[in-house]
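Below: one structure, written as structure tokens.
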Amino acid sequence: MTITGLGFPKNTKGSIVAASTSVGMRVNGAGSFQASVIIPAGASSVEIRATAGSASATSIFTVTDPVHSTSPDSSTPKAIRFGVGTNGGPAATAELDEVEAIAGEAPSLVLSYKDFRQPPPLTELDAVRSRGAETILTWEPWSWGGGVEQPAYSLDRIAAGDFDGYLRQWGTALGQWGHPVYLRFGHEMNGDWYPWAEGVNGNGPGDYVAAYRHVHDVVTATGATNIRWIWNPNVPYAGSTPLEELFPGAAYVDVTALDGYNWGTSQIWSAWQEPGLLFGEGLAELRRLAPGKPIMIAETASSELGGSKAAWNTALFDYLSNQPDIVALVWFHLAKEADWRINSSEASANAFKAALVSRR
């Protein structure tokens with residue numbers, strides 16, 4: 001059972017007690033938490049107590065026997081679209097076929113990445129469209145492999161028009177292609193690991209907004225009305241750039257998005273994070289900055305280390321299904337810094353497949 005709560009002391013640790021089961025939880029910077037607990041078999045009701053700092057709350061829940069509940073229909077169209085990113089990208093048809101077999105559903109969104117040296121990937125866009133899906137095209141203003149300090153791609157150069165010919169090439173090509181495509185320019189800009197972040201590569205306050213608006217305006221001026229613009233920060237963390245300083249304005253954004261990973265204990269600096277803790281603060285910020293805009297989770301996945309990935313998968317879909325403005329979830333199906341793949345274990349794959357069917 002997934003438990004959520006609001007109004008607790010911010011950034012505190014606590015616990016959830018359900019019958020004889022107790023699990024730890026952490027309250028985020030918005031005062032909310034999410035945690036998963038196991039309910040005793042055969043229970044008709046259960047008292048659950050949440051405690052964090054000096055705050056405590058108790059509720060009694062009625063337990064419904066899932067055997068006698070109505071099973072969700074896997075053929076029913078879902079409000080939350082399922083997307084995926086794989087190692088080979090949109091052209092790797094075998095990888096996308098494998099994901100479909102693992103998940104029991106064909107992704108309707110496919111994640112793609114291009115840097116500022118590459119031409120518009122029309123062949124890849126066609127390949128995705130032939131699968132009945134749409135592309136989330138990540139446009140990264142740097143040269144892959146060049147590191148964070150790349151003065152040739154500083155934000156002030158972009159805003160000054162140094163790349164306008166290249167921008168017009170993309171806008172013209174995408175517009176002539178003519179089909180819907182999601183374009184996310186300079187994602188995860190509130191971190192410090194890409195050269196388009198403020199505070200690195202000679203970039204200063206306000207440079208990201210100026211560059212984003214300029215790119216948007218030049219591309220839009222080519223007549224590419226089929227582009228849906230995604231503004232996509234990472235989930236906020238201690239020391240990240242405040243999102244309000246990076247938001248280009250509602251007129252420049254069609255969809256907002258968050259990237260967020262449960263690193264578990266895979267890194268020396270990381271800890272297990274339940275979905276509500278991972279995404280809660282960022283979602284609240286997106287809704288404050290861009291009220292009414294649809295929201296995607298544009299990159300997410302979980303490590304196997306530090307908790308139950310299977311339970312996390314279930315909790316993630318439960319959590320997002322209770323957020324009416326969430327329109328898509330894109331899973332990062334790669335073994336990279338951690339084994340993020342859906343099928344990193346059989347338990348993870350089984351839970352993911354069941355949660356995908358049951359989602360809103």
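The values are calculated or read from the model by the stated rules, or taken from the named source; none is laboratory data. As the structure is a computational prediction, the values presented were derived from the model and not from experiment. In this analysis, Cβ positions are derived from the backbone assuming ideal geometry, glycine residues included, and neighbour counts consider all displayed protein chains. Note: areas computed on protein heavy atoms with side chains; ligands, DNA, RNA excluded. Shrake-Rupley method; radii C 1.70, N 1.55, O 1.52, S 1.80 Å.
Quick notes
- Set N201, N232: member being touching a Pro at 6+ places or on another chain (Cβ under 6 Å) and of a type in the set (S, T, N, Q): N201
- For region 337-360, the set of residues classified as among the basic types (K, R), part of a helix (DSSP H, G or I) and open to solvent by less than 60 Å² (accessible area, probe 1.4 Å) is empty.
- Against the criterion of being assigned to a loop (DSSP other than H, G, I, E, B), open to solvent by less than 30 Å² (accessible area, probe 1.4 Å), over 27 Å from M25 (Cβ atoms) and not aromatic (F, W, Y), V209 does not qualify.
- Among the residues of region 234-280, those identified as closer than 18 Å to W193 by Cα, surrounded by fewer than 17 Cβ atoms within 10 Å (Cβ to Cβ) and either among the small types (G, A, S) or at pLDDT below 95 (or both) are A238, G239.
- Test: residue in region 327-336 that is surrounded by fewer than 19 Cβ atoms within 10 Å (Cβ to Cβ), touching a Lys or Arg at 6+ places or on another chain (Cβ under 6 Å) and in a strand (DSSP E or B): yes
- Condition met for G186 (open to solvent by less than 40 Å² (accessible area, probe 1.4 Å), small (G, A, S) and on the phi < 0 side of the Ramachandran plot): no
- Every condition in (1) touching a Leu at 6+ places or on another chain (Cβ under 8 Å); (2) open to solvent by 30 Å² or more (accessible area, probe 1.4 Å); (3) in a helix (DSSP H, G or I) holds for A173 except the one numbered (2).
- Boolean, T172 is touching a residue at least 24 places away in the same chain (Cβ under 8 Å) and within 20 Å of the chain's Cα centre (by Cα): no
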